[in-house]
Amino acid sequence: MLTALSKEQSVGVVGAGAMGGGIAQVALTAGHPVVLMDLDPAACARAVEAIGQRLQRGVDKGRMTAAARDAAWARLTTEAGLEELAECRLIVEAAAEDLEVKRAIFKTLAAACPAETILASNTSSISINAIAAGQQGPGRIAGMHFFNPAPVMQLVEIVSGLETDPRVAEVLFATAAAWGKAPVAAQSTPGFIVNRVARPFYAEALNLLNEQATDAATIDAVVTEAGGFPLGPLALMDLIGHDVNYAVTCSVHAAYYGDPRFRPSLIQKALIDAGRLGRKSGRGFYDYREGVAKPPAATEPGRAAPRSVVLAGPVSTDLPGPAATLLGLIEAAGIGVSREESTSDEACLRLPAGCELRLTSGATATAEAARRGCPVVLFDLALDYATAGRVALAASDGCPAAARDQAVGLFQALGKAVSLIDDAPGLIVMRTVAMLANEAADALHQGIAAAAAIDLAMTRGVNYPRGPLAWADALGTERLLATLRQLEACFGDGRYRPSLRLQRIAARGCAFHKGTTR
């Protein structure tokens, strides 16, 4: 394994926008001399001023000393020409996301710099193979994808193209680690790791809206309060900007030759057509104009909890998978639990009103009711039922009101807000997590990155509460596969086809991460 760049070696940054200035600051605070280059002197001046302000904030907050600030500031210089970066050992390009612009930059750098200079692109979506094609010394070209804001976000994707010298990728990996980042190695394919694996997080929320399962505020509330994600998918799209998010989705969809797994949404396209781009335009899924209150999530009014429930299922079994913890919460709430052996394939809770309460397995509650011969209420997945503030429920068609009320009251007695949604296959969190895990499994199967790298990328790059493959292990790969097959059967859509890697792991009863127990 090669070592990181020494602190005496200079780092060049091409492009003085938000990303370029942030990357320059990361290298500066790591101890390197940094040369920031932009064709626009005004852009350079703005970036230098912003770096100075951020360094000062670091001093004000006690994260660095005044001496360290002054030393970092002294190591920063600016230039207006690419040729002036020839003495740098590493040059990171952070220019506009345009292939021809990037190719022109790398052509000039390759001609001006010694053969040992590493040339890296901060691109989030453009193929490293396309950037390096026909360049002088393509082996020294790789991706070094930082996330915005670069001084704060930990993840850096180190992306290798077909021509990238493995030693170059190793140096970049070690350098990013030395800079205090969390690097992950990936191959150059559309979306790399994060922008590919994250697509279902947005897509399933848009699909649920399209199916009129519930409203935007409720989807976001369930994803955050039950799923543990820091921000709901619809609010996050408003924050990113629908024009930006939609463009990435279209790019990935086109790059994978129209794979339905990445299909864009007409709902998002309608927002763009109407000029509702999110926070930056004042309106998106939510209205951000002054004086407009955010709509509340759909929350059921208080219901009486049943005095007792029956745990019915095969002998000596508990509620399935992550729902097993519910039994202790129910008993702690003073609700009696009795056990009854049944021929059911897995345990469920029977409510006094004659309804079965079951963890969603991807089918609709109505389909489950037809199979079970009784009314069914399905409850959604939660990251941790003990700490979840909300849970989503869906009832089968014709389910008696008394049965729905008892299901709602049961979860309210556990301290949960309850959102009753339409009978949508997979509900909200289960469907989202299943698709995230499936996409991660496919990226693993195609050799894009290792399992640990994929999970690290999603937890450090987009702050997921758990890596999608680790979540698959916790849920159980067999249950995850069954959920996806139910979704596929419900929709008849290739979007939900299970990954071959998931099928193989589940068939062996294994987990994605060795040593995982469940």
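The values are calculated or read from the model by the stated rules, or taken from the named source; none is laboratory data. These numbers come from a predicted model, not from an experiment. Cβ atoms come from the backbone with ideal geometry, glycine included; neighbour counts cover every protein chain shown.
Structure notes:
- Residues in segment 439-469 that are over 13 Å from the mean Cα position of the chain (by Cα) and either part of a helix (DSSP H, G or I) or within 19 Å of Gly321 (Cβ to Cβ) (or both): Ala441, Asp442, Ala443, Leu444, His445, Ala451, Ala452, Ala453.
- Among the residues of segment 175-190, just one is surrounded by fewer than 21 Cβ atoms within 10 Å (Cβ to Cβ), assigned to a strand (DSSP E or B) and not small (Gly, Ala, Ser), namely Gln187.
- Picking from residues in segment 119-142 that are hydroxyl-bearing (Ser, Thr, Tyr) and crowded, with 18+ Cβ neighbours inside 10 Å, the one that is nearest to Cys88 (Cα to Cα) is Ser121.
- Residue that is within 21 Å of Ala347 (Cβ to Cβ) and touching a strand residue (DSSP E or B) at 6+ places or on another chain (Cβ under 9 Å), where the choices are Leu456, Leu378, Leu475: Leu378
- Check on Glu116, surrounded by fewer than 15 Cβ atoms within 10 Å (Cβ to Cβ), at negative phi, assigned by TED's automatic domain parsing to the domain that holds Ala24 and modelled with pLDDT of 95 or more: yes
- Output for segment 320-347, where each listed residue is touching a strand residue (DSSP E or B) at 6+ places or on another chain (Cβ under 7 Å) and aliphatic (A, V, I, L, M): Ala323, Leu327, Ile330, Ile335, Val337, Ala347
- Condition check for Ala68: within 34 Å of the chain's Cα centre (by Cα), free of Cβ contacts under 8 Å to residues at least 40 places away in the same chain and part of a helix (DSSP H, G or I): no
- Condition check for Leu82: in the same structural domain as Trp179 (by TED's automatic domain parsing), within 28 Å of the chain's Cα centre (by Cα) and surrounded by fewer than 23 Cβ atoms within 10 Å (Cβ to Cβ): no
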